[in-house]
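Okay, so here's the structure we're looking at.
The values are calculated or read from the model by the stated rules, or taken from the named source; none is laboratory data. Not measured: the values here are computed from a predicted model. Cβ placement follows ideal geometry from the backbone for every residue including glycine, while neighbour counts extend to all protein chains displayed. For the accessible areas, the whole protein counts, side chains as well, though only heavy atoms, and no ligand, DNA or RNA atoms are used. Shrake-Rupley method; radii C 1.70, N 1.55, O 1.52, S 1.80 Å.
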Amino acid sequence: MSRAAHPAGPRYADVLTAGGVGAPPADLNALDPKVWPITAARDEEGELTLGGLGVRELARRQGTPSYVIDEADWRRRARTWLAAFGSFDPQEPPVHYAGKSFLSKAIARWAAEEGLGLDVCSGGELAVALAAEFPAHRITFHGNNKSVAELGRALDAGVGRFVLDSHDEIDRLGAAALERGVTASVMVRVTVGVEAHTHEFIATAHEDQKFGFSLAGGEAAEAVRHVLKFQAGGDQPAALELVGLHSHIGSQIFDTAGFETAAHRAVGLLAAIREEHGLVLPELDLGGGLGIAYTSEDDPQDAFSIVAALKAIVARECFGYSLPTPRITVEPGRAISGPPGITLYEVGTVKVLEGLRTYVSVDGGMSDNIRTALYDAVYSCALVSRTSEAEPMLARVVGKHCEAGDIVVKDVWLPADVRPGDLLAVPATGAYCRSMASNYNHALRPPVVAVHDGTDRVLVRRETEDDLLALDLG
């Protein structure tokens, strides 16, 4: 009787390959501005500074590992996305920050101060937004299984938009709104059948996945009919008001080709709604998912180019159907929060495997960045506590967890004299790393520290053993 191989068996073949890494860069000490935060620089001693602070001082004051956010860069990216849309009603911003990429009370306040809307997709994210006093009418509530309690809290808070994802949810929200005598503005999430060129787990508009209503199968049209039953007249106000359609095709996307197909199909549904119901919907949300540069090989488009292309695509499709162009909204998360963030680590051990590579172990790992293990994500990495003129070596930066797949950066060229006590930094980690962090092996989640104008401020403190034990009731 044969027995299945242990899952670790086939993984070793992946772990011990070079992964197609290219030739070493001409200068291992250089900081590619595409990848690193806007204020990142090396001082005269070769130490990385961020927000005017050296990383050695940051490590001394905040410890390692630490997530560090360049506040000026975060705010600049928020303003750039809004500026790309030109003029708009500030009470209805066209850019909604996707809080799932990283959300804290301070981040919610930054988003509010810069004029963004905010997307939340759970009761917890909503709680953070409300605790930060984010304007509720600028919040959009996502999620494929919102509970009755979550929907009720959002209605009571005055959340501006609900993105509906199932017939069950239409009934739940409709009933909750009727009970309160309020009208909820809603959008129907449409699965447009576009498969973004990204990882399977972050492609979200093909048919076989959990989100939205299928366009091809007629479910989206049926969802519209279902919503409109709650919008029908009578003696009481409508429980639901359908204001638009929502489409999200995936994440880490580098061109607008997929959006073109998505817009074509979504606008086709807008036209069908007009024909069947005599209703012209005023909004079309094209989601987020625009990519960022994790390495020098990545080449993302800038916000102005993306927004101009999306506007042109939607206008062209609407012209073909003799429809007025709806108000377009987008939901960048990673594109705002990713590049301003780095993760700062201290090297613990260096292990040379002759003929293969060198394993550089740091004091974090998959508990603070699961994306490499989960999505096979590719990152950059640099020695940042000093510069080095040593020869490049092929390295794998790994964590301290009891897991063969505990890889932070799969393949990277580092100076051959990297040693214990050195500081390494992984850029473009402001999105999804802290949001998806865990206590695997009872690791303590790192703090989130903002740097700005020569000062540092803890946004989310480091966990302690007392935090872990407080939940363990024995």
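In segment 1-41, what count of residues is obtained for those that are in a loop (DSSP other than H, G, I, E, B) and either at pLDDT 50 or above or not hydrophobic (A, V, I, L, M, F, W, C) (or both)? Steps first, please.
So in segment 1-41, the residues in a loop (DSSP other than H, G, I, E, B) come out as 1-7, 16-40.
Imposing the further condition that a residue be either at pLDDT 50 or above or not hydrophobic (A, V, I, L, M, F, W, C) (or both) reduces the set to 2-3, 6-7, 17, 19-40.
Here the count works out to 27.
When you scan segment 445-462, do you find a residue that is within 27 Å of the chain's Cα centre (by Cα) and closer than 22 Å to VAL360 by Cα, even just one?
Yes.
Residues checked against (1) out of contact with any helix residue (DSSP H, G or I) (no Cβ under 7 Å at 6 or more places or on another chain); (2) open to solvent by less than 10 Å² (accessible area, probe 1.4 Å); (3) more than 21 Å from ASP119 (Cα to Cα); (4) touching a residue at least 24 places away in the same chain (Cβ under 8 Å):
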residue	(1), (2), (3), (4)
HIS248	yes, no, no, yes
ALA262	yes, yes, no, yes
ALA266	yes, yes, no, yes
ARG274	yes, no, yes, yes
LEU286	no, yes, no, yes
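Name the pairs: first residue in segment 34-52 and touching a residue at least 24 places away in the same chain (Cβ under 8 Å), second residue in a loop (DSSP other than H, G, I, E, B) and β-branched (Val, Ile, Thr), Cβ to Cβ under 6 Å, at least 6 apart or on different chains?
GLY46/THR387; LEU48/VAL384; LEU50/THR39; GLY51/THR39
Find all pairs meeting these conditions: Cβ atoms under 8 angstrom apart; at least six residues apart or on different chains; first residue within segment 415-426 and open to solvent by 40 Å² or more (accessible area, probe 1.4 Å); second residue part of a loop (DSSP other than H, G, I, E, B).
So the pair list comes out as ALA416/ALA390; ALA416/GLU391; ASP417/SER388; ASP417/ALA390.
Looking at ILE328 and the list (1) closer than 30 Å to THR140 by Cα; (2) among the β-branched types (Val, Ile, Thr); (3) surrounded by 22 or more Cβ atoms within 10 Å (Cβ to Cβ), which single condition is not satisfied?
Condition (3) is where ILE328 drops out.
Being surrounded by fewer than 24 Cβ atoms within 10 Å (Cβ to Cβ) and not acidic (Asp, Glu) is the filter here, so list the residues in segment 89-115 that pass it. Spell out the reasoning first.
Step one: filter segment 89-115 for residues surrounded by fewer than 24 Cβ atoms within 10 Å (Cβ to Cβ), giving 89-94, 100, 104-106, 109-110, 112-115.
PRO90, GLN91, PRO93, PRO94, LYS100, SER104, LYS105, ALA106, ARG109, TRP110, ALA112, GLY115, listed by residue number.
May I ask you to verify whether LYS210 is open to solvent by 60 Å² or more (accessible area, probe 1.4 Å), at pLDDT below 95, out of contact with any Phe, Trp or Tyr (no Cβ under 9 Å at 6 or more places or on another chain) and in a helix (DSSP H, G or I)?
Details: open to solvent by 60 Å² or more (accessible area, probe 1.4 Å): yes; at pLDDT below 95: yes; out of contact with any Phe, Trp or Tyr (no Cβ under 9 Å at 6 or more places or on another chain): yes; in a helix (DSSP H, G or I): no.
In short, no.
Could you tell me which numbered condition PHE102 fails, if it satisfies all but one of (1) closer than 17 Å to ALA335 by Cβ; (2) free of Cβ contacts under 8 Å to residues at least 60 places away in the same chain; (3) among the hydrophobic types (A, V, I, L, M, F, W, C)?
With respect to (1) closer than 17 Å to ALA335 by Cβ; (2) free of Cβ contacts under 8 Å to residues at least 60 places away in the same chain; (3) among the hydrophobic types (A, V, I, L, M, F, W, C), PHE102 is out only on (2).
Between a residue in segment 171-186 that is basic (Lys, Arg) and any residue that is surrounded by fewer than 14 Cβ atoms within 10 Å (Cβ to Cβ) and part of a helix (DSSP H, G or I), which pairs come within a Cβ distance under 8 Å, given they are 6 or more apart or on different chains?
ARG172/VAL148; ARG180/ASP156
Look through segment 294-334, keep the residues that are of a type in the set (Lys, Arg) and closer than 17 Å to PHE259 by Cα, and return whichever of them is farthest from the chain's Cα centre (by Cα).
Just the residues of segment 294-334 that are of a type in the set (Lys, Arg), to begin with: 311, 316, 327, 334.
Right, trim to closer than 17 Å to PHE259 by Cα and you get 311, 316, 327.
On the way: LYS311: 23, ARG316: 29, ARG327: 23 Å.
Taking the candidates together, the pick is ARG316.
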